[in-house]
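Here's the structure we're looking at; comments come further down.
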Amino acid sequence: MLVFKFGGASVKDANGIVNLASIVKKFDGEQLLIVLSAMGKTTNALENLTKAYIDGDNNIHVIFEDIKKYHFAILEKLFEPSDAIFDEIANTFVEIDWIIEDEPHDDYDFTYDQIVSIGEMVSTRIVNAYLNKEGIKSTWLDVRGYIHTDNTYREGVVQWDKTRIAISKDIPALLQKGTVVTQGFLGGTSENFTTTLGREGSDYTASIFAACLGAVSVTTWKDVPGILNADPKFFDDTVKFDELSYTEAIEMTYYGASVIHPKTIKPLQNAEIPLLVKSFTDPDAPGTIIKSNVVNRFVKPVIILKQNQVLLSISAKDYSFISENHLSNIFGLFAQGQVKVNVMQTSALSFTVCIDFYEERFKKLLKGLSADFKVKYNDNLTLITVRHYTQASLNEITAGKTILLEQLSRNTIQLVVK
């Protein structure tokens, strides 16, 4: 059987959904499980809705209406007005109405997951209905009953044994009957609350299903021809990799390459399942394959940008050296606040880290750190990671930028720049 993952860009409009169906038709006769993201920029819009709800912003209803209008406009191009899908989608959006009628929950991340997850619930219902309309027998599946996680909201930790049992029990029989469509990015707790697996987590969902079902391969359909050495939005003359090893792909995703979710590769590597990254606009093109026994070749350096970064410098209030006890306290606060460290550097009197900026988490972290430490920070920064670099490439990348932190190893250099 095969696992396909389609991201938001591939289903951002009616034409995208029609194109998805045409790709699926090319694999007639295959057992196929489709993992879907929310449509277009819906996740961003639902994040804005969540923030407006928490902040008590009167603009919340305008944001919500825009989200609904966007989806119903797509429906109107794909279905007759009498189709049952209109009521299905309206009823799905009612779940948000129920949430925002009440006072916000104390835990921002919990509220985030309950609201933002609706994007995937809606997209999968629409695509499943369209596939059936086009004669592709398809079953809609609620992923929250199959990918089981703990209660770490926004970063759900998968409970693998429970997940494997649930997937193995039901899904092979469903695949015998036709295509299965389910949500990426989402999981469920033992209390039947929704969790998310981390931003862009639909790739990870696809690898979980593939590993549990023993898939032949996973294909993630993107708006790029494959994995490139750099983001074409920021760099000219990018080159595509025809193939990559699991190890190099893990390194790239660890440093922030957004084309694949960081947790995606390991389950596939463990099960020896290849991952294909292909273009949904040119589905017959070869794309990139990630597998074992690959000799990596790098014509150009791999360049990875992470924007919206914060550089924190933490020092003891009594000017004492940064010791292991200090670091233990600091990392405890980072773990408690679910704040990931992208780069770190220690000197005699300070500990400096570069992190992603998430406003709510950052506020809590600052409050916790300030109780025992002096904290200074710079925001609106960019972290540049360059693998297999040359000095000439570094000179070009850093031209006109102020370097605030630099960390160098044999194959990789990381630069925090302004």
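The values are calculated or read from the model by the stated rules, or taken from the named source; none is laboratory data. Computed from a prediction, not measured in an experiment: that's the story for all the values here. Glycine also receives a Cβ, built like all others from the backbone with ideal geometry; neighbour counts cover every protein chain displayed. Protein only, heavy atoms only, side chains kept; ligands, DNA and RNA dropped before computing areas. Shrake-Rupley method; radii C 1.70, N 1.55, O 1.52, S 1.80 Å.
A few comments on the model shown:
- Test: residue in the stretch 303-316 that is of a type in the set (K, R), in contact with a Leu (Cβ under 9 Å, 6 or more places away or on another chain) and either in contact (Cβ under 8 Å) with a residue 60 or more places away in the chain or surrounded by fewer than 18 Cβ atoms within 10 Å (Cβ to Cβ) (or both): yes
- Residues that are within 20 Å of F6 (Cβ to Cβ) and assigned to a loop (DSSP other than H, G, I, E, B), drawn from the stretch 259-278: V259, I260, H261, P262, K263, T264, I273, P274
- Here F234 passes the criteria (1) open to solvent by 30 Å² or more (accessible area, probe 1.4 Å); (2) in a helix (DSSP H, G or I) except the one numbered (2).
- Cβ separations smaller than 6 Å between residues 6+ apart or across chains give the following pairs from the stretch 75-86 residues that are over 11 Å from I126 (Cα atoms) to residues that are among the hydrophobic types (A, V, I, L, M, F, W, C): K77/A14.
- Residue check for L175: more than 16 Å from the chain's Cα centre (by Cα) and open to solvent by less than 20 Å² (accessible area, probe 1.4 Å): yes
- Scanning the stretch 19-77 for residues that are out of contact with any Leu (no Cβ under 9 Å at 6 or more places or on another chain), small (G, A, S) and within 17 Å of W221 (Cβ to Cβ) turns up S22, S37, G40.
- Pairing each residue of the stretch 188-200 that is closer than 7 Å to G156 by Cα and open to solvent by less than 90 Å² (accessible area, probe 1.4 Å) with any residue that is part of a loop (DSSP other than H, G, I, E, B) and acidic (D, E), provided the two are 6+ apart or on different chains, yields C-beta distances under 9 Å for T195/D150; T195/E155; T196/E155; L197/E155.
- Taking the criterion of being more than 17 Å from F185 (Cα to Cα) and touching a Gly at 6+ places or on another chain (Cβ under 6 Å), the only residue of the stretch 234-271 that qualifies is K240.
- Residues of the stretch 360-384 that are in contact (Cβ under 8 Å) with a residue 60 or more places away in the chain and under 27 Å from K401 (Cα atoms): V375, K376, Y377, N378, D379, N380, L381, T382, L383, I384.
- Selected residue (criterion: modelled with the highest pLDDT) from residues of the stretch 191-225 that are assigned to a loop (DSSP other than H, G, I, E, B) and within 17 Å of the chain's Cα centre (by Cα): L197
- Within the stretch 125-170, tally of residues that are over 28 Å from Y112 (Cβ atoms) and in contact (Cβ under 8 Å) with a residue 40 or more places away in the chain: 9
- When residues of the stretch 381-418 are limited to those that are part of a strand (DSSP E or B) and in contact with a Phe, Trp or Tyr (Cβ under 8 Å, 6 or more places away or on another chain), the one surrounded by the most Cβ atoms within 10 Å (Cβ to Cβ): T385
- Residue check, S323 open to solvent by 50 Å² or more (accessible area, probe 1.4 Å), over 30 Å from V35 (Cβ atoms), at pLDDT below 95 and among the small types (G, A, S): no
- Test: residue in the stretch 346-368 that is open to solvent by 70 Å² or more (accessible area, probe 1.4 Å), at pLDDT 95 or above and polar (S, T, N, Q): no
- Among (1) touching a helix residue (DSSP H, G or I) at 6+ places or on another chain (Cβ under 7 Å); (2) open to solvent by 10 Å² or more (accessible area, probe 1.4 Å) - the single one T253 does not satisfy: (2)
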